[in-house]
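Here is the structure we will look at.
The values are calculated or read from the model by the stated rules, or taken from the named source; none is laboratory data. Since this is a predicted model, take the numbers as computed values, not measurements. Note: ideal-geometry Cβ built from the backbone for every residue, glycine included; neighbour counts use all protein chains shown. Side chains are part of the model used for accessible areas, which takes the heavy atoms of the whole protein and leaves out ligands, DNA and RNA. Shrake-Rupley method; radii C 1.70, N 1.55, O 1.52, S 1.80 Å.
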Amino acid sequence: MPRLSAERRHRVRFTLNGSAVEAEAEPRMLLTDFLRHELGMTGTHVGCEHGVCGACTIEINGVPARACLTLAVQADGATIRTVEALAPEPGRLSILQEAFRRHHALQCGFCTAGILMSLDNYLRQRPNPTEENLRVFLGGHLCRCTGYVPILAAAMDAAKRLREVPANA
Amino acid sequence: MSTPAMWCGQSVERVEDAALLTGRGRFIDDLGVKPGTLHAAILRSPHAHARVKAIRADPARQAPGVAAVLTGEDVTKLCASLVVGVKAPIECWPIATDRVRYVGEPVAVVVAASRYVAEDAVDLIEVDYEALPAVVDPLAALDTAQPVLHEGLRGNLASERSFCYGDPEGTFAHAAHRVSVTIRYPRNSCTPMETYGVVAEYDVGEDAYDVLANFMGPFSLHAVMARALKVPGGRFRLRTPPDSGGSFGVKQGVFPYIVLMGVASRATGRPVKWVEDRLEHLAASVSATNRVTVLDAAVDADGRVRALAWDQVEDVGAHIRAPEPATLYRMHGNLTGAYDIRHVSVRNRVVLTNKAPTGLNRGFGGPQVYYALERLMQRIAIELGLDPVEVIRRNLIPSGAFPYKTATGATLDSGDYAKAFENALADGGFAALREKQKEARAQGRVYGIGLTAAVEPSVSNMGYITTVLTPEERRKAGPKNGAQATATVALDPLGGVSVHVASVPQGQGHRTVLAQIVADALGLKPADIRVITEMDTARDAWSIASGNYSSRFAAATGGAAHLAAGKIKAKLARIAGAQLNVAANEVEFADGKARARGNPDNAVAFSRLAAASHWSPGLVPVENQALRETVFWTPPELTPPSANDEINSSLCHAFIFDFCGVEIDRTTCAVRIDKYVTMHDCGRILHPGMVAGQITGGFAHALGAALYEEYAYGPDGSFLTGTFADYLVPTAMEVPNPVILHLETPSPFTPLGTKGVGEGNCMSTPVCIANAVADALGVAEINLPLSPAKIAAHLHGAERTPRKPQAKPVAGKGRTLHGSGQAQAAAPPQAVWAMLLDPKTLAAIIPGCHGVERLSDTHFRAEVTLGVGPVTGRYKADIVLSDLTAPKAVTLTGVVTGALGNGGGTGRITLAATDDGGTTLAYEYDAEVGGKVAAIGGRLLDGAARIVIRQFFAALARHTGGKKPGYLARLFGRGA
Amino acid sequence: MKPPNFDYIRAESVAEAHAALAEYGGEARVIAGGQTLVPMLSMRLARPKVLIDIMHLAELKDIAAKGDALRIGAGVRQAEALASRDVAEKAPLLAAALPWVGHAQTRNRGTLCGSVAHADPSAEIPLVLLALGGSVALSSHRKRRSVSAADFFTGMMSTARADDEMIEAIVLPAKRPDTSTAFQEFGRRHGDFAIVACAAVVSPDGITFAVGGVADKPERRDFPALDGSPLDDAIDAFAWELDAREDLHATAPYRRELVRRMGRATIEEARRCLA
């Protein structure tokens, strides 16, 4: 039975954005801190550390989840995607990211990574959402800059474009 | 010019976005730190008011990985008090010294190898507090019999000033009507998604500080910080990271922590990093002020307002922290709102209470002022039997009256309020909304309409705050005024253009708009312009007004960039004229070229021209060398307060008119915004997409303030909204899409005709929604936030009386917990009595007790582990028995302190013999619980405390040979 | 806001989890989805010596429909239950309540049994379990036992689970064809803790009505098939008996009035489905 002592750092391995990664963590280290400070993936942000704001949302084993409500050791062996994986290639944005830019769906950009990770997953599961569906789903995120109006517009627009060109998704 | 304003006015895509969308933002916590950097965690006060008797930090200091523990005593040796903005003998330290005055006030700073280790050490620090009574209510604080926060003041009134403009007294005496409102505006905050962050490094060789912080300005606070750190300005280098995750005023409040971390770095000889966590942010960063306002109007029979009498009591919390009491004076010039009112009296008082210090927050004074003024306008309509639309219409400053000088001294720069108002009613569909309301009401639905007109000030006069001083005090201190904005436009050797500004954006898109402005000036594309907005006080051009506040960017910084680009262009035109053989004024800049007007073939590439002063300065006359131009711009209109206390508090004044329809659910009493229309005249619009973003964003903040958000405090000063589960920020589910309308009346006072737009809805929307709710409910007095429970008091009416008599209600008001219960013990009273006085028995029956120490016959000290479910903590309990009537009754007074909080209570226990030789124990108690658990788990607290009290009596009964636990559990189930 | 130190045990069998619980008792906490426990760790409200992760135990991951009962293992996440056809068919009350549990992003990790173990008085899943007359399957190295929901929830965040026990599953009776259910909730914002949540199970002979968010645990009453003002009176009596909590977000009278109005509406809704 794997038993990790509090006093020591332990190897944690998982697949991050398609590549195998590993680093060390104490049992108590939050996945947010592990991603940001051990692996250098600073795109995932920390807004509240108690699971309400959604800024740290990432994809764990194919579903959006809060990195701040996850211990790094719990993620051992998981498949994780973060905002750094969304763009198809350097210098090019995904359809969702482009829609965010076009609709001014971000201002400070601090909450944006989490919202993108949630929406990217959601639009793959539900390509035909209503605005109401999106409002309910985005209820798990706080944004203080935009008032959500342009985020909803961008999400609806992205959904439409993804339906038109599914190959580029 | 053939290409004026091509890019400005377009919603171009933002240059900021590609990085932010791909996780490549550069926020403060994304930037690496120097090897060896230490991490700080802060021990904060669980008490609203207490004397700090002793701090035992040695175990923390000796913990592995800990470099230092700094207390108030250590910190005060290395810095000076922050300057206080009123003439009063009080100090403001970045850490508690002998007393704590609000929940969350820093008490000690631990500097350690990691944040985790630093927090471990925080847990090891023991502080002895002597709790003092707290004062929470601002009006109560005025009572000199109340506890005093700062003894230098003798009371809690830190400043009082009265003002008189025109003849308010005479006007009121002759007015047909006098209408009055009393407002209690609550505390709230815009809570940016990124919290504060500071990385401080002290260089002992140079006695200089180098600090990176997500500070937003105003940089007048640079002077405050440098003085606190006891170095000249040049030895306090303050830098900001490229990205900052929102501010809305709030990141002004990081400045005391910059001082604190500077000191920590000096004490440890290492760079120190501190990133505030959300709990710290909610409890102790910065809040908007709460305010009690009594506002009276002298009104003609037709609803025309002739005079206003303001009486404002401003609650700035436990310290007057710079730039307070600015919130109270920011709106001073426009206290008459959008109306033509010539007679005004003002009484302003600033009080201190045991709450977190206040500071900048979006709207800054506007929400408080317009809530009173626009509630008043609705009351005037109701009390005079007029249409609220008509009351606004009759009082608006007439078209053609601009620039208009207000009674209190502001110059409203431009506008056509009547036109904007009528356009909004027509284009926003007001008549249809009235019809809808009529229909809804006919169906028995609860539907209301609210209206608000407001003037949104922007580009603050740095001198407005001196209105708090008397003219005599101002004369002594020297005049203060202006709003210095700076911008630098530079050309590089390849002919590229870069722009440097001291605007410190937190997501507003300054880089994009500056590129538009400069591209327009130089005939280039925005992509040709590289804009740098991270700031460095050691290298950049800046002044005290630098920073991102008072919605000053588009008007002031954008204007300065336009002027700097114009200076470069004028020089380039001379160089180009010489090359093209035309007069400089015949040179035009377009399509990346400088060319002769009327002969586009006679042209030189901009990049070649721009590089000329680098590569061939010999060919360019010295006075024409075009390399780098910096403009400092301050508007002459922003003069200091006059001898009569008239103050042009802001340069620009945008106009807003909002109306909305709300429906209230009869069951839940939740408010639903059915329609919201907001009309803005913010002068010339540079980027429609960003203006819309400012409006929808401000609207969401305001909706939160109106319906959900409050920094709530218990009557004992405990802080109750310490998490995002209790401080309720609206989500996409709660925020509707407002209808946005515009009129564009350019400001004559700004280089680009622009005005600020970022704060307006925070001023107009809370009261607009409140007016609609008041209309729906038909009530006169209504205060924010409009929680369903508050509305239910009106809508649900009196509660039906219970069919069976009820036990005394258990939960009390606020944090005071009242309770009573009974337990049956098998032993007779004398035996139970003996147990109550016996430390051994007490140790056995106090829940989670690790041992009782007997200090006297009636004084015990115990160590206990208390908890409910997984929430457990170790506490020290001090128990005193009094009013002993053996073996019948005793009063038990206890104080419990521990890492998770503190509690105190008094219980009266009576013992009565039963027929079967046992004892009936009856108890009644009042308890108060505060500290960490109150702030982050208040929802669960009452129940938890009740469980602990129940456990105590259950154990007592059990100890006397009472019935089996399962039975007792049921017995006590209805007790405490 | 970082968790204190603890050891972490990744159990590879239920027996290993039992052994660890037997060894550490009250010093250990089982972690499943962690959506409630991790913030309590980060806030240092909870300070277990040991965390026992049970999410690698395949035998706890099932939603099993057996006869007239639905058994949901401790490893089943809320989102999985929400997507389950068995849950929709056999426990429509649970399916109706699950969208109210947190947000999609937390339901993707949070488990049903974790919510039951935590026993928050406002939580939806304990309320549904109580309303349906379900039970909690507990086990330890000593024994296995089943505790009815009515006996399991003992108060604010307090349950009948012994320190060395773990929840293996919750068991819900499958919906009988002659019953109908409804769920309604009101919170300040969508996804917030319920100020009041109501669950109703109606059949031609009677009404089961349960309320969360009001007392310090979910509470339930069984009424005969009342209607009109006798039903209002019965709900009113229940509302008074609930000893409603006062807090920042709601007063006790407001909570009681929501019980009366929303309770009635919930029962009516269930009845409409029955008809």
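Within segment C:31-66, restricting attention to residues that are of a type outside the set (A, V, I, L, M), open to solvent by less than 20 Å² (accessible area, probe 1.4 Å) and over 22 Å from the mean Cα position of the chain (by Cα), the residue that is nearest to the other protein chains (Cβ to nearest Cβ) is C:S42.
Of everything in segment C:1-30 that's under 24 Å from the mean Cα position of the chain (by Cα) and closer than 22 Å to B:K932 by Cβ, which residue is nearest to the other protein chains (Cβ to nearest Cβ)? Selected residue: C:R29.
Candidates B:G618, B:G704: the one that is over 30 Å from A:R101 (Cα atoms) and not in a strand (DSSP E or B) is B:G618. When B:E151 is tested against (1) without any contact (Cβ under 8 Å) to a residue 40 or more places away in the chain; (2) in contact with a Lys or Arg (Cβ under 9 Å, 6 or more places away or on another chain), only condition (2) is not met. Looking at this structure, is B:E91 closer than 25 Å to B:T897 by Cα and among the charged types (D, E, K, R)? Judged against the criteria, B:E91 is not a match. Select from segment B:79-131 the residues that are of a type in the set (K, R) and either in a loop (DSSP other than H, G, I, E, B) or within 20 Å of B:V254 (Cβ to Cβ) (or both) and list them in ascending order. Passing the criteria: B:K87, B:R101, B:R115. Within segment B:471-483, being open to solvent by less than 50 Å² (accessible area, probe 1.4 Å) and not aliphatic (A, V, I, L, M) holds for B:P471, B:R474, B:G478, B:G482.
Do we find that A:A155 is more than 11 Å from chain B (Cβ to nearest Cβ), assigned to a helix (DSSP H, G or I) and open to solvent by less than 10 Å² (accessible area, probe 1.4 Å) in this structure? Criteria not met by A:A155. Restricting B:P847, B:P829, B:P839 to residues that are open to solvent by less than 30 Å² (accessible area, probe 1.4 Å) and under 48 Å from the mean Cα position of the chain (by Cα) narrows the list to B:P847. The residues listed here are B:A372, B:A322, B:A309, B:A356; of these, the one that is at pLDDT below 95 and among the small types (G, A, S) is B:A322. Can you say whether C:V202 is away from chain B (no Cβ under 11 Å), in contact with a Pro (Cβ under 8 Å, 6 or more places away or on another chain), crowded, with 21+ Cβ neighbours inside 10 Å and not in a loop (DSSP other than H, G, I, E, B), as far as the supplied structure shows? Spelling it out, it is not the case that C:V202 is away from chain B (no Cβ under 11 Å), in contact with a Pro (Cβ under 8 Å, 6 or more places away or on another chain), crowded, with 21+ Cβ neighbours inside 10 Å and not in a loop (DSSP other than H, G, I, E, B). The number of residues in segment B:730-749 being open to solvent by less than 10 Å² (accessible area, probe 1.4 Å) and within 24 Å of B:E456 (Cα to Cα) comes to 3. Consider segment B:287-317 and keep the residues that are buried (at least 22 other Cβ atoms within 10 Å of the Cβ) and in a loop (DSSP other than H, G, I, E, B). The one that is farthest from the chain's Cα centre (by Cα) is B:G303. Among the residues of segment A:33-68 satisfying the criterion of being farther than 19 Å from B:T195 by Cβ and among the acidic types (D, E), which is farthest from the other protein chains (Cβ to nearest Cβ)? Top of the filtered list is A:E38. The number of residues in segment B:706-728 that are more than 13 Å from B:K932 (Cα to Cα), touching a helix residue (DSSP H, G or I) at 6+ places or on another chain (Cβ under 6 Å) and either open to solvent by 10 Å² or more (accessible area, probe 1.4 Å) or hydroxyl-bearing (S, T, Y) (or both) comes to 1.
Scanning segment B:184-199 for residues that are part of a loop (DSSP other than H, G, I, E, B), farther than 23 Å from B:A318 by Cα and in contact (Cβ under 8 Å) with a residue 60 or more places away in the chain gives a single hit, B:E194. The residues of segment A:1-32 that are within 13 Å of chain C (Cβ to nearest Cβ) and hydrophobic (A, V, I, L, M, F, W, C), listed by number, are A:M1, A:L4, A:A6, A:V12, A:A25, A:M29, A:L30, A:L31. Here segment A:129-150 is the region considered, the condition is being more than 7 Å from every other protein chain (Cβ to nearest Cβ) and in a helix (DSSP H, G or I), and the residue that is farthest from B:A692 (Cα to Cα) is A:N133. Does segment B:751-766 contain any residue that is away from chain A (no Cβ under 14 Å), over 30 Å from B:G904 (Cβ atoms) and open to solvent by 10 Å² or more (accessible area, probe 1.4 Å)? Yes, segment B:751-766 contains at least one residue that is away from chain A (no Cβ under 14 Å), over 30 Å from B:G904 (Cβ atoms) and open to solvent by 10 Å² or more (accessible area, probe 1.4 Å). Being in contact with a strand residue (DSSP E or B) (Cβ under 8 Å, 6 or more places away or on another chain), among the acidic types (D, E), away from chain A (no Cβ under 14 Å) and open to solvent by less than 60 Å² (accessible area, probe 1.4 Å) is a description that applies to B:D210.
For segment B:250-279, filtered to residues that are open to solvent by 10 Å² or more (accessible area, probe 1.4 Å) and within 14 Å of chain A (Cβ to nearest Cβ), the residue that is farthest from the chain's Cα centre (by Cα) is B:K273.
Candidates in segment B:649-685 are the residues that are part of a loop (DSSP other than H, G, I, E, B) and open to solvent by less than 10 Å² (accessible area, probe 1.4 Å); of these, the one that is nearest to the other protein chains (Cβ to nearest Cβ) is B:C669. Restricting segment B:884-908 to residues that are of a type outside the set (A, V, I, L, M, F, W, C) and outside any strand (DSSP E or B) leaves a set whose member that is farthest from B:H818 (Cα to Cα) is B:P887.
Of all residues in segment C:231-260, those satisfying the criterion of being closer than 28 Å to B:G819 by Cα and charged (D, E, K, R) are C:D233, C:D236, C:E241, C:D243, C:R245, C:E246, C:D247, C:R255, C:R256, C:E257, C:R260. When residues of segment C:101-147 are filtered for being open to solvent by 10 Å² or more (accessible area, probe 1.4 Å), more than 11 Å from every other protein chain (Cβ to nearest Cβ) and either within 9 Å of the chain's Cα centre (by Cα) or of a type outside the set (S, T, N, Q) (or both), how many remain? Final tally of qualifying residues: 15. Within 22 Å of B:I258 (Cα to Cα), surrounded by 22 or more Cβ atoms within 10 Å (Cβ to Cβ) and under 30 Å from the mean Cα position of the chain (by Cα) - does that describe any residue in segment B:52-71? For segment B:52-71, residues within 22 Å of B:I258 (Cα to Cα), surrounded by 22 or more Cβ atoms within 10 Å (Cβ to Cβ) and under 30 Å from the mean Cα position of the chain (by Cα): present. Between C:D236, C:D222, which is out of contact with any Asp or Glu (no Cβ under 7 Å at 6 or more places or on another chain) and either open to solvent by less than 10 Å² (accessible area, probe 1.4 Å) or modelled with pLDDT under 95 (or both)? From the options C:D236, C:D222, the qualifying one is C:D236.
The residues of segment C:157-184 that are within 14 Å of chain B (Cβ to nearest Cβ), open to solvent by less than 20 Å² (accessible area, probe 1.4 Å) and either assigned to a loop (DSSP other than H, G, I, E, B) or farther than 20 Å from C:V76 by Cα (or both) amount to a single one, C:M157.
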